[in-house]
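A.B. asks: Take a look at this one; I'll ask things after.
The values are calculated or read from the model by the stated rules, or taken from the named source; none is laboratory data. Bear in mind the structure is a predicted one, so any value in this text is a computation, not a measurement. Positions of Cβ are backbone-derived with ideal geometry, glycine not excepted, and every protein chain shown enters the neighbour counts.
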Amino acid sequence: MMLLLPGITLVAVILGIVIYLPLATRLWLDTPNARSSHHKPTPSSAGVVVVPVLVAVLLGAWFSGFWAVGYAECAALGGAAALCALGARDDRRSLSVRVRLLVQFAAAASLVTAYGLFSLFPLNAIVLVIALVWLVNLYNFMDGIDGLAALQCVLSAATLGALGYLAGASAEFVMASAVVGAAYLGFLVFNLPPARLFMGDAGSLPAGLLLGWLGLWSALEGWLEPVVWLILMSPFLLDTGITLLRRRWRGEVLAQAHREHFYQRLARRYGSHGAVDRRLLVLHGLWLVPLAASVVLDLLPQWTAGALSLFPQLLLMAKWRRLE
């Protein structure tokens, strides 16, 4: 069943997108502007296929008796669905920041509440809610070139599932991780450079919440140390954090859209989105995944592995800090 459900998810997403593409061309067409990294109108909002499929597969596993669903799982899937609906609406016609944040905070607070953290650790729970909202928006910020955000989601979710399996995590956690990874892998088939389809806010906002949920779930159950999740997510966390500090230092308006993320500057330097995607794949395969595994297998102290995961990325950013 652990292999069957991700396979069903992958095939269902691919078939769903094939059906969806003509509709997206009419309703959700992303037209390039001065801040875009693409040069021709491209169908968008593929999250309206990806998220319902992964939610339906996991709920189907629950109804079939293969997945034990509790309040937290319902909150995560419900939150992902709400963010997908929010993103789809925003992709078609921009919503106010107030409305977007209201839904995002509601989804994050529901998830944290479902784990009972407000009653046990109220201050920590508030910090977690803010962190989840930041992660949701962070993932949206990093969805700016072909393939990158989907690839990061696939690699992180799949690795969390595999390492969770090694660490003795529940079948439900391994299955959920695999299904999330498979759903975004199905989309990635259409998003590889040159992209035929974008995930839009309908896909990027739920991806942030789902990855945050998997990290929170594994940490609270004691299967994976939080540093494992931080190692795997470090490319996006570093890029967004350093870009924010850089723009703040220069006195720029933080809420204003821009093209100054490191991955965007790298794509302009190489003249290729695929070159950036390949480097992310190599970074994960040769460095981040082995370091995360070393923590699970007790081969390295967790914070040593965490520091090592940052070293080549910070070195690269420092070397090419003046990229435009």
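A.B. asks: Looking only at the range 307-324, how many residues end up being at pLDDT 85 or above and surrounded by fewer than 12 Cβ atoms within 10 Å (Cβ to Cβ)?
C.D. replies: The number of residues fulfilling the criteria is 2.
A.B. asks: Also, quick follow-up: For the range 34-56, indicate whether the set of residues that are more than 23 Å from Val189 (Cβ to Cβ) and either loosely packed, with under 13 Cβ neighbours inside 10 Å or touching a residue at least 40 places away in the same chain (Cβ under 8 Å) (or both) is non-empty. Before the answer, list the steps.
C.D. replies: Step one: filter the range 34-56 for residues more than 23 Å from Val189 (Cβ to Cβ), giving 34-35.
Add one more test, that the residue is either loosely packed, with under 13 Cβ neighbours inside 10 Å or touching a residue at least 40 places away in the same chain (Cβ under 8 Å) (or both), and what stays is 34-35.
Scanning the range 34-56, I find at least one residue that is more than 23 Å from Val189 (Cβ to Cβ) and either loosely packed, with under 13 Cβ neighbours inside 10 Å or touching a residue at least 40 places away in the same chain (Cβ under 8 Å) (or both), so the answer is yes.
A.B. asks: It is to be established whether one or more residues within the range 122-141 are out of contact with any helix residue (DSSP H, G or I) (no Cβ under 9 Å at 6 or more places or on another chain), assigned to a helix (DSSP H, G or I) and modelled with pLDDT under 95.
C.D. replies: Looking through the range 122-141, at least one residue is out of contact with any helix residue (DSSP H, G or I) (no Cβ under 9 Å at 6 or more places or on another chain), assigned to a helix (DSSP H, G or I) and modelled with pLDDT under 95.
A.B. asks: Hey, another quick one. Can you run down the residue pairs with Cβ atoms below 9 Å, 6 or more apart or on separate chains, where the first is in the range 282-296 and under 12 Å from Ile231 (Cα atoms) and at pLDDT below 95 and the partner is surrounded by fewer than 17 Cβ atoms within 10 Å (Cβ to Cβ) and of a type in the set (Phe, Trp, Tyr)?
C.D. replies: That search, which allows pairs on different chains as well, returns nothing.
A.B. asks: Please indicate, with yes or no, whether at least one residue in the range 87-97 is in a helix (DSSP H, G or I), farther than 19 Å from Val133 by Cα and among the β-branched types (Val, Ile, Thr).
C.D. replies: No, that holds for no residue.
A.B. asks: For Ile19, work out the one condition from (1) in a helix (DSSP H, G or I); (2) exposed (fewer than 13 other Cβ atoms within 10 Å of the Cβ); (3) at pLDDT below 95 it doesn't fulfil.
C.D. replies: Status for Ile19: all satisfied but (3).
A.B. asks: Pull up the range 243-275, narrow it to residues that are among the small types (Gly, Ala, Ser) and modelled with pLDDT of 70 or more, then point me to the one that is farthest from Tyr139 (Cα to Cα).
C.D. replies: Here the residue is Gly271.
A.B. asks: Among the residues of the range 282-306, what is the count of those that are aliphatic (A, V, I, L, M), surrounded by 15 or more Cβ atoms within 10 Å (Cβ to Cβ) and assigned to a helix (DSSP H, G or I)?
C.D. replies: Going through the range 282-306 one residue at a time, the tally reaches 9.
A.B. asks: Okay, moving on. Kindly list, by first and then second residue, each pair from a residue in the range 137-148 that is at positive phi to a residue that is assigned to a helix (DSSP H, G or I) and among the small types (Gly, Ala, Ser), limited to pairs with Cβ atoms under 8 Å and residues at least 6 apart or on different chains.
C.D. replies: Correct list of pairs: Gly147/Gly274.
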